[in-house]
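Q: The structure follows.
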Amino acid sequence: MNSELIIALIIAMIAGAWLFIAGMYIYKRYDENRYKKRLAVEKLLREIEVRNTLNQKIIEILNRPIIGDDEEIVNPRSDVKVPFYDYNFLKNYTSMYNLYIPAYFLSTFFKNLSHHLAVFEDEQDLKNGGYIFKEARPIFENFSVEITEDIENKKKELEEAKNIYPSMLKRQYYNI
């Protein structure tokens, strides 16, 4: 009877160890998937935030009033005056947030914009306080619309990512 009890205890210990190992495996897998889901949601939130900031800056540039000496140089219906600090902000934005916004996004915008830059002497540019882009208002407006559409797409992706159960996330391919 003593040996039967020892054999039963050994079998119970082995079964308990296997149950413990299986439980830890399931917990680790669940925790890893939950972490991946949280990272995917955080990345999408950051992408939306970066695009929203960029869109606000574009709208701010478009809504800036033309005053003083600029009225004779700039046509408010078709031209855009971009101050130096805003231009530098837009130029450096992709390098600051290259993980959250595609590089082609702003490079295409600046490629289209470069054809509309009004060329003045350096003193005149300093006097103007920024760069003047002739016939470039539609480019800025279209870029703002493109950003807004991209924000809406990212919001849809975010809703889809929030509704995925962590166990299903393993089958989804998120670029984290």
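Q: Without any contact (Cβ under 8 Å) to a residue 40 or more places away in the chain and more than 30 Å from Pro138 (Cβ to Cβ): does that describe Ala40?
A: It is false that Ala40 is without any contact (Cβ under 8 Å) to a residue 40 or more places away in the chain and more than 30 Å from Pro138 (Cβ to Cβ).
Conditions tested, residue by residue: (1) under 30 Å from Leu39 (Cβ atoms); (2) buried (at least 16 other Cβ atoms within 10 Å of the Cβ).
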position: Arg51; (1), (2): yes, yes
position: Ile58; (1), (2): yes, yes
position: Asn75; (1), (2): no, no
position: Lys81; (1), (2): no, yes
position: Tyr104; (1), (2): yes, no
position: Ser107; (1), (2): yes, no
position: Ala118; (1), (2): no, yes
position: Gly130; (1), (2): no, yes
position: Arg137; (1), (2): no, yes
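Q: Please go through the stretch 39-97 and pick out each residue that is over 16 Å from Ile147 (Cβ atoms) and among the charged types (D, E, K, R).
A: Glu42, Lys43, Arg64, Asp69, Asp70, Glu71, Glu72, Arg77, Asp79, Lys81, Lys91
Q: Quick one: in the stretch 108-151, of everything that is farther than 22 Å from Asn52 by Cβ and of a type in the set (Val, Ile, Thr), which residue is modelled with the highest pLDDT?
A: Ile132
Q: Could you check, for the stretch 40-51, whether at least one of its residues is touching a helix residue (DSSP H, G or I) at 6+ places or on another chain (Cβ under 7 Å) and among the small types (Gly, Ala, Ser)?
A: Yes - at least one qualifying residue is present in the stretch 40-51.
Q: Can I ask one more? Which of (1) closer than 26 Å to Arg137 by Cβ; (2) surrounded by 14 or more Cβ atoms within 10 Å (Cβ to Cβ) is the odd one out, the single condition Glu47 does not satisfy?
A: That leaves (1) as the condition not met.
Q: Tell me which of these Ile7 doesn't satisfy, since it passes every other one: (1) surrounded by 14 or more Cβ atoms within 10 Å (Cβ to Cβ); (2) β-branched (Val, Ile, Thr); (3) assigned to a helix (DSSP H, G or I).
A: If we test Ile7 against (1) surrounded by 14 or more Cβ atoms within 10 Å (Cβ to Cβ); (2) β-branched (Val, Ile, Thr); (3) assigned to a helix (DSSP H, G or I), just (1) comes out false.
To keep it simple, each residue is scored yes or no on (1) assigned to a helix (DSSP H, G or I); (2) of a type in the set (Gly, Ala, Ser).
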position: Ala12; (1), (2): yes, yes
position: Arg34; (1), (2): yes, no
position: Glu49; (1), (2): yes, no
position: Val74; (1), (2): no, no
position: Lys81; (1), (2): no, no
position: Asn92; (1), (2): yes, no
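Q: So if I check each of Phe105, Phe89, which one is farther than 15 Å from Leu117 by Cβ and modelled with pLDDT of 85 or more?
A: Just a single option satisfies the conditions, and that option is Phe89.
The values are calculated or read from the model by the stated rules, or taken from the named source; none is laboratory data. Everything quoted here is computed from the prediction, not taken from an experiment. Glycine also receives a Cβ, built like all others from the backbone with ideal geometry; neighbour counts cover every protein chain displayed.
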